[in-house]
Every structure is written in C-alpha cells, then in structure tokens.
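I have placed the structure first, in the form of structure tokens, so that the comments after it can refer back to it.
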Amino acid sequence: MPERDLQYLAELAAQLRVDSVRAAAEAGSGHPTSSMSAADLMAVLFACHLRYDFDDPANPANDHLIFSKGHASPLLYSLYKAAGVIDDEELLTFRRRGSRLEGHPTPRLPWVDVATGSLGQGLPVGVGVAMAGRLERVPYRVWVLCGDSELAEGSIWEAAEHAGAEGLANLIAIVDVNRLGQRGPTRHGWDTGAYARRFGAFGWHTIEIDGHDPGQIDYALNDACNTRRRPTAILAKTRKGEGVLEVENREGAHGKALKDPDKAVTELGGSRNVRVEVHRPESDATPYRFATSGMQVPAWPVGDQVSTRAAYGEALKALGAARGDVVALDGEVADSTKTQVFAEEFPERFFEMYIAEQQLVAAAVGMQVRGWKPYAATFAAFLTRAHDFIRMAGVSGASIRLVGSHAGVAIGEDGPSQMGLEDLAMLRTTYGSTVLYPCDANQTAALLSEMADLEGVSYLRTTRGDTPVIYEPGERFPVGGSRVLRQNPGDRATIVAAGVTVHEALAAADELRAGDIPVGVIDLYSIKPVDAAALIEAATTTGTLITVEDHRAEGGLGDAVSDAVSELGPRVVKLAVTDLPGSATPREQLADAGIDRAAIVAAVKRLL
C-alpha cells in the first residue's frame, strides 16, 4: 500500500478515536476505549473495502455492516460523520434524549440493520443476512465487527458452526481482540491463535493480524473478499484505548468517558475533518424472487379431528405457493412442527437450523433485513432458549413470525421438559409483539395468513394433539379479535379460553347449561392484542370472568384478560397450570392441572 494511503488511513483512524472520545465526553458516558481499539480496522474497511450507497440504504447491492460489539457505537457514529451522513453537531448528541445516536445502535438510523448491544447476537444475525444473499443471488458481503469478550457466548459458536457448514463465503467476522473485557482480561487475552483454532474447527478461513497496522488490515480484508466456499474470521490483536496513555491497555476504563478528554484529543493529534468516500456498489442488483400462484387456503370440515400443528404445515405450504417471499426455518423438529410439509414443496426456501434455537431466531431476523417473510418453528418450550434474541428482535423492529408447537401440558407423556408453559408470557412482554393461539385447523390457517404482513415479532402457538374443527372454512379471524361461542341474556359468568381449552370450555358450558347454570364462552384467539371491547362487555353483563389456559398463571391469557378489564373491577378467576406436571396422558394432564371441563364446571359452581 502506498505511503500516502497509509498516512491517510492513519489520519482517518485518529479522527475516529478523537470523535469517539469527544462524543463520550459530551455524553458523560459511553465506551470510547472499546471504540478506539477497532478504529484502524474500521478505517480501512470504510475507505477501501465496504461497498455501500449511503444515499440509498435500501439498495439491494449494498454490503451490510453489523456492529456485534454494539457498545462501540461511538466508533460507528464517528464513521458516519466521516462518511458525511451525520454532522458534528449530531455526533455530540450521543446518548441524549431524543437523539438517533443511542448508547447502542438501533435501526432508528437508516444505515443500521438491527439493534445490537446484547453481546453474541451480531454474528448470528449476520449469518441470516448472508443466507439471504445466497438465496437471492446478490453478491453483497456481510461484515460483522465482534469483540473478543463476546466470543464466550454460545450463540457465537452456533453461528460459527452454521456458517462454516453452509460455506457462507460472503460472511466476514472481524474480531477486535483487545484483551480486556468489562472487569478485567478476557479468557484468552491476546492469544489470537486460540480463537483461530476454534473458528478453523468450524471450517472458517482464519487470518491473524496486527489490528493497528493498516497494511496488514488491508491484506486481510482483501484475502477475505477473495476467499471462496467458506466464511472468514479476521482475528486482529489490538489495544483497548489505543493512542491515549491514560487508558491504553489499562483495566478499569471500560464503559467510561475519559477523565481528561481535552488532553486525550491533544495526545491523538487534535480534531480533524477527514472525509471518507465509501465506494458504492459496482453494479445494480435485482434480488432473485420465487414464482407465485394463487392462494388456495386449506380447509377442513366442521367436526373433523385435526391438530393445529398439522394445520400450520398445510397452511404454510399454501402460503408459500401464494407468496414467493415466504421462507421457513426449523430447529430440527420439522416432522413434529409439520414444517416438513413446506420443506418438501419448497426445498430452496426451507432452512434447517438444527437444534440451535438462538441461531434459528437470529437467522430469521437476518433474513427479514432483506425483505423475506420468515416463519421459524420449534417446540414452544425451546423458544425460551432464544428469549434474548426475541427481545432484541423487538428492539430492532424486526418482522419475524415464530411458531411454537407442543404447547402446554396437553402434550401428554413427554413431561415438563417438553411443555411450553412460559411462552405466552415471554412473547406478550416482547415489544411490539402479536400473540395468537388458535383452537382449530381452519382458524390456524386463517391466522397464519394474517401473520404474513404483520409488523414486529408475531407468535403462533400450536397444539400437538387433534382437536375438533369448530369453525367453517374461509372464516376470517382478524388480529385483535375474539369469538363469542356461547352467550345468553341470563349468563352468570363468562369463560375465556384459547387453544386447547376452548374445547374444554365449550363442554363445560354445555354441562352447566343442562344444570340451569348458563355461562358464556369467548375464544380469545388473539392474546395480544386482546379484544378489550368483547371482554369489557362480558365483564359488564356477567360480572365474572373465568380464564382457562394451558400455561402458567403468570403472564398468559389470564393476565391479558385482567389487564383489559381491570378498571371495571369485575371478578377475574384464573385457571392455569400451577403445579409441576409429570408424565400422563393429555386428558389426565388437563385434569391434573385443573384446566379440563370438570375443573371449569367445579370452578363455576364454587363461585356462584
């Protein structure tokens, strides 16, 4: 590399360090030292290798840059200033109320794909973005800046294995090995070889470099761009706080503004106004999309016995035929979730993520960055492993569709390890989420189609065993709605149920009516948002709501109902799973949990 170019890159890196120090100093907080260590790496990337049109962030040919070490946000924002897309005035609003420049990056900035900051997530999401590139046949690259501390996260190695096995050559991880974590040295310190052996074991091409040498950095990035059939990990030895004696390679400086920022700026050579002209993509790109046909919604006759998980598989296949942007991901349980039906019909759009639920959700997040409509399925119980990824998908405003099968005690003999009993609470608390729980096959098919165009994280809960079809084919079930299945002027209470307990509630209502105790029944298939109007009407007319759910009492259907009617002050009685189940038949499980028809009848009589 010519000396003139090396001098320019050194000046650009120095400016990035200065601006990181200034931004954190203005905020009084932040992570300038973590930004300073990676400044040379990012200077060379932006000046020489990144292909990105900042005037058109939606350009499908753009590269993608993900700061997995999202706490290094001062560096990212300093890069944006150097590229001319924010000015110095905005840079110094870092971490202030109302600023786009938050403590960790979010898609409030149009050049940020996903929110980062919860460590170990950027690389798994990058895997999803890289998978999308292969699917749509566009030659962009996915650059992921990782910190060495986050390589302790298991999700990193879920990502490493998947990317290596799939040969995602368009994925490049740049690891800032600065040796120091939040409270002290990292596990492997500056032993870049230790990390290289681990990535290499998963089939990655690895390069170990001095992360402060622009020539070595440029060589490594070039090498990564020319590597075929496998991803690349660049392991760069750096010094935290590089360039400022007060903090360089010193413990105790993490996550703090520098004590004497003016002195630090002087030590770094003063403020500069270096501009970087990021190369735009060399050519336009038209992402490949799959052919579509008309939507033929599957239908089942009233009275048939069909599991909602089976209905999900058939409905997803029908949706895949109608929409070429639908993709399906599964956690090695496609025969049980019934995603296998889609996989057999559309193998190019089916992705086996194996038993790696964090990577399952992260890949869905990455694919939706590129405009795909991902449906990701596994057992409801196992989605809890990916809770943090679901939470961050909400922060990102990511539109993904999750499907949890084998929910509740109704699965039967497999026992509590397989029972999703916390999933409704988990998904209800996710920002901007939608939570749906159908009770029959036709309702499942209708809700699956509704999910396709929902914004944010949406969740469909399905049941293992067969349940009666009670709704006619073709009926609509809008998100936020409900269905009143039993209602009489003399109703003395209203039973509110969803999924498997709808059928128990109907049987209980029929038995009570035969004993001259009329009660209403509401199928609350939309648990978030709930049909508050229907619940308020029922609470007003009957005075008592009895919720029945195959879920823990905390955070599920019962709490959703209570939240909706709390200002009216009606009596809300919750029947839910409170004990630890064992192995038993589905019918025995419902009885033991106190959520079957007999328990509902007993509860109504006790209350009235």
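The values are calculated or read from the model by the stated rules, or taken from the named source; none is laboratory data. Every value quoted in this text rests on a predicted model; they were computed, and no experiment measured them. Ideal geometry is used to build each Cβ from the backbone, glycine not excepted, and the neighbour counts take in all protein chains shown.
Count of region 300-329 residues, restricted to those that are surrounded by 16 or more Cβ atoms within 10 Å (Cβ to Cβ), more than 19 Å from TRP372 (Cα to Cα) and not hydroxyl-bearing (Ser, Thr, Tyr), is 6.
Table: residues versus (1) crowded, with 21+ Cβ neighbours inside 10 Å; (2) over 16 Å from GLU422 (Cβ atoms); (3) at pLDDT 95 or above; (4) not assigned by TED's automatic domain parsing to the domain that holds GLU413.
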| site | (1), (2), (3), (4) |
| --- | --- |
| ILE546 | yes, yes, yes, yes |
| GLU549 | yes, no, yes, yes |
| GLU554 | no, no, yes, yes |
| ARG571 | no, yes, no, yes |
| SER583 | no, yes, yes, yes |
| ALA591 | no, yes, yes, yes |
| GLY594 | no, yes, yes, yes |
| ALA598 | no, yes, yes, yes |
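Considering only region 101-113, I want to know if a residue exists there that is surrounded by fewer than 23 Cβ atoms within 10 Å (Cβ to Cβ), charged (D, E, K, R) and either part of a loop (DSSP other than H, G, I, E, B) or touching a helix residue (DSSP H, G or I) at 6+ places or on another chain (Cβ under 9 Å) (or both). Within region 101-113 (the criterion being surrounded by fewer than 23 Cβ atoms within 10 Å (Cβ to Cβ), charged (D, E, K, R) and either part of a loop (DSSP other than H, G, I, E, B) or touching a helix residue (DSSP H, G or I) at 6+ places or on another chain (Cβ under 9 Å) (or both)), the answer is yes, since at least one residue qualifies. In the set GLY122, GLY200, only one residue is surrounded by 18 or more Cβ atoms within 10 Å (Cβ to Cβ) and not charged (D, E, K, R); that residue is GLY122. Residues in region 335-343: is at least one of a type in the set (Asp, Glu) and either within 27 Å of ALA363 (Cβ to Cβ) or outside the structural domain of VAL44 (by TED's automatic domain parsing) (or both)? Yes - at least one qualifying residue is present in region 335-343.
Which residue, of GLY269, GLY294, GLY243, is closer than 24 Å to LEU79 by Cβ, touching a residue at least 24 places away in the same chain (Cβ under 8 Å) and exposed (fewer than 15 other Cβ atoms within 10 Å of the Cβ)?
Values: GLY294 fails: closer than 24 Å to LEU79 by Cβ; GLY243 fails: exposed (fewer than 15 other Cβ atoms within 10 Å of the Cβ).
None of the other options fit; the residue is GLY269.
What do you reckon, is ILE470 under 29 Å from SER336 (Cβ atoms), outside any loop (DSSP other than H, G, I, E, B) and either of a type in the set (Lys, Arg) or at pLDDT 95 or above (or both)?
Values: under 29 Å from SER336 (Cβ atoms): yes; outside any loop (DSSP other than H, G, I, E, B): no; either of a type in the set (Lys, Arg) or at pLDDT 95 or above (or both): yes.
No: the conditions fail for ILE470.
Identify, please: which residue in region 126-148 is among the small types (Gly, Ala, Ser) and touching a helix residue (DSSP H, G or I) at 6+ places or on another chain (Cβ under 9 Å) and is, among those, nearest to VAL112 (Cα to Cα)?
Filtering region 126-148 down to residues among the small types (Gly, Ala, Ser) leaves 126, 128, 130, 132-133, 147.
Applying the additional criterion that residues be touching a helix residue (DSSP H, G or I) at 6+ places or on another chain (Cβ under 9 Å) yields 126, 128, 130, 132, 147.
On the way: GLY126: 12, GLY128: 15, ALA130: 16, ALA132: 17, GLY147: 18 Å.
Only one residue fits best here, namely GLY126.
You will find that of VAL341, VAL327, VAL361, the residue that is within 29 Å of PRO107 (Cβ to Cβ), β-branched (Val, Ile, Thr) and not in a strand (DSSP E or B) is VAL361 and no other. Flag: ASP592 matches the condition of being under 22 Å from GLY465 (Cβ atoms) and charged (D, E, K, R).
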